[in-house]
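Everything below concerns the one structure shown next.
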Amino acid sequence: MVVLVTGANGQLGQALQSISGINPQITFVFCSSSGLDITNLQSCIAVFEKYQPDYCINAAAYTAVDKAESETDKANLINVIGARNIAEVCKKSNAVLLHISTDFVFDGTSITPYTEEDMPNPTGVYGKTKLDGEKAIQEIWNKYFIIRTSWVYSQFGNNFMKTMLRLASERTHLSVVNDQIGTPTNAVDLAEVLIKMIQFCQTTPIEVFGIYNFSNEGQCSWYDFAKKIFEINSIKIDLQPISSASYPTPAQRPAYSVLDKSKIKKAFGVAIKNWEESLKTVSFLI
Ligand code: NDP
């Protein structure tokens, strides 16, 4: 079984690389952006013809939420055209597509966890391009899983946890917003669930394609997340909660983006760790 991973040097790509050794039944093909530019259809066709994947995990994306507000064309190219290209080549080679999307497709006005059936309404360019990417895939190919996740962190790449640890080494005090509520997701937990979904497809004839939510369990604000990162790493810092209004950013973020995971738990029998429990397994590796 061949699993091709795009965006292999990103957070999720590296998390997948880190667990590839414990899945010897899978032949992984890890493609970085230089090996496979998903915005180039010819390049996608050539790579798929060469490796003939049974599954493709599209971990490639434009993920700079604030920059996307001024780089709309680039965000569109990668998150919409790129997603479309990958769906086209998956269809051509009958490969199952596992595409990663985001909680930022929602506007954050809900007060209960978002289900897969809730109406998306992105508030920023990044969320809109990710939603358009989802739609492009759905128009092209029926063998897809779209996994919406949130607040991804890991020891790899750039993320909130690493930014907090860096800032703590440079400053004595820090202010972090406490009025955006969501759930952190350990990239390795996400990587593991993707592999579990692939293994399920291999062993079960039932077709369960569609949209699924995945994050760790529980919920918190970015302030709570920062507080826990410092607590686990025994870092003393003057940490203050602030409102989003007093920390303006180019992109407006959802005030609430907790994802309901009932569907993925039921369909694939996955047990999901609480975000604090999972954070402990990463922070000590830094
Ligand atoms: P990263 O930004 O860490 O990685 C994205 C990767 O995509 C990078 O390695 C980048 O390569 C690659 N890439 C960019 N453009 C192209 C291209 N044209 N062709 C091929 N590869 C390209 O993202 P994450 O791993 O954090 O995110 C994985 C997925 O999860 C994405 O779909 C993202 O939208 C989604 N997600 C992420 C969240 C988060 O908090 N990070 C939250 C919710 C969803 P290079 O560096 O060389 O440009």
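The values are calculated or read from the model by the stated rules, or taken from the named source; none is laboratory data. Note that the coordinates shown come from a computational prediction; the quantities given were computed from them, not determined experimentally. Please note: Cβ atoms are built from the backbone with ideal geometry, for glycine as well, and neighbour counts cover all protein chains shown. Quick note on the areas: whole protein, heavy atoms, side chains included, nothing else; ligands and nucleic acids left out. Shrake-Rupley method; radii C 1.70, N 1.55, O 1.52, S 1.80 Å.
Observations on the model:
- Of residues in region 202-227 being at pLDDT 95 or above and part of a helix (DSSP H, G or I), the one most open to solvent (accessible area, probe 1.4 Å): Lys227
- Of all positions in region 239-248, at least one carries a residue that is in contact with a strand residue (DSSP E or B) (Cβ under 7 Å, 6 or more places away or on another chain), hydroxyl-bearing (Ser, Thr, Tyr), in contact (Cβ under 8 Å) with a residue 12 or more places away in the chain and open to solvent by 50 Å² or more (accessible area, probe 1.4 Å).
- Filter result (buried (at least 20 other Cβ atoms within 10 Å of the Cβ) and among the β-branched types (Val, Ile, Thr)) within region 149-175: Thr149, Val152
- Subset of region 131-148 [within 12 Å of the ligand (Cβ to nearest atom) and open to solvent by 10 Å² or more (accessible area, probe 1.4 Å)]: Leu131
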